[in-house]
Amino acid sequence: MLSPQLALNVSLQDGLSFDNFFVTPESSQAVQYLTAWHPSGSFQSIALWGGSGCGRSHLLQATVSDWDSRGLTALYLPCRDMLAMDPDALLQGLDSFDLLALDDVDALAGNIAWEHALFALYNAMHERAGQLLISASMAVNDMPLHTADVRSRLAWGIAFKLPSLSDQDKINAMQLRSRARGMDMTDEVAKYILSRSSRDFSQLLHVLDTLDSATIEAQRKLTVPFVRSVCGW
């Protein structure tokens, strides 16, 4: 049987780590908790929730990478990509991992087969003293879940709300990610990108990916004229 990662063709995004996650005062507690997290001999569940671009996926993948680097078994699964698959087949044996990170778990809400599978997986992880990290766009109690037992299980544990980023936060976050890629992004360039691109942070990161490739190919620094030519603005 294919592993869940092969079945979904899932891989962690290169470079996502705690070091290049832009921490705000509102998100600092969650980041501190995740960076210090380790298997404790008893089951633990942590939920991260917040709107688009708040960094939920980044933190899930950073946590999985961190556990991998320490020789622990950790698996990241994007729930939106799992909906079309057989939940029982996909989730079979996943309780053997030290950590499971389920991204966008609210995407499974309302699908009875998936809710039942999540309930079984949760119970198996609990019995094995595994660790569960989930993310969602809303608090567990606001998810349109049909199964009360699933709601009560997912609501158990620690929950952190990640804040939406202000425009200045987005500028600072883009500059942090740029430095991690070896690019120097001035305030002028960052403000120009923010004024032309969608303000959704995930879209801003797509722009950053494009610029990263373009600067390497052209051997150019990031300037407003260069950004304008690459992005067609």
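For region 48-94, the tally of residues that are under 18 Å from residue 138 (Cβ atoms) and hydrophobic (A, V, I, L, M, F, W, C) stands at 7. Looking across region 105-132, the residues that are surrounded by fewer than 21 Cβ atoms within 10 Å (Cβ to Cβ) and either touching a strand residue (DSSP E or B) at 6+ places or on another chain (Cβ under 6 Å) or farther than 15 Å from residue 82 by Cα (or both) come down to 119, 120, 123, 124, 126, 127, 128, 129.
Can you name the residue in region 48-95 that is aliphatic (A, V, I, L, M) and touching a Ser or Thr at 6+ places or on another chain (Cβ under 8 Å) and, of all such residues, is farthest from residue 166 (Cα to Cα)? Only one residue fits best here, namely 74. Among (1) assigned to a helix (DSSP H, G or I); (2) among the aliphatic types (A, V, I, L, M); (3) under 18 Å from the mean Cα position of the chain (by Cα); (4) under 30 Å from residue 122 (Cα atoms), where does residue 150 come up short? (3) is the only condition that residue 150 fails.
Name the residue, out of 116, 146, that is farther than 25 Å from residue 27 by Cβ, free of Cβ contacts under 8 Å to residues at least 60 places away in the same chain and in contact with a Gly (Cβ under 7 Å, 6 or more places away or on another chain). The unique qualifying residue is 146. Out of everything in region 34-72 that is under 24 Å from residue 107 (Cβ atoms) and hydroxyl-bearing (Ser, Thr, Tyr), what residue ends up being modelled with the lowest pLDDT? Within region 34-72, the match that is modelled with the lowest pLDDT is 52.
Can you confirm whether region 93-109 contains a residue that is closer than 14 Å to residue 44 by Cβ, among the charged types (D, E, K, R) and at pLDDT 95 or above? Yes; the residues of region 93-109 include at least one that is closer than 14 Å to residue 44 by Cβ, among the charged types (D, E, K, R) and at pLDDT 95 or above. Listed by first and then second residue, the pairs with beta-carbon distance under 6 Å, at least 6 apart or on different chains, first residue in region 69-95 and touching a residue at least 40 places away in the same chain (Cβ under 8 Å) and assigned by TED's automatic domain parsing to the domain that holds residue 128, second charged (D, E, K, R) and in a helix (DSSP H, G or I), form an empty list.
Reported count of residues in region 185-206, each being at pLDDT below 95 and either within 19 Å of the chain's Cα centre (by Cα) or acidic (Asp, Glu) (or both), is 8. Does residue 164 satisfy the criteria of being more than 15 Å from residue 222 (Cα to Cα) and in contact with a helix residue (DSSP H, G or I) (Cβ under 6 Å, 6 or more places away or on another chain)? In short, no.
The values are calculated or read from the model by the stated rules, or taken from the named source; none is laboratory data. Fair warning: this is a prediction, and the values are worked out from it, not measured in the lab. Virtual Cβ from ideal backbone geometry, glycine too; neighbours counted across all protein chains shown.
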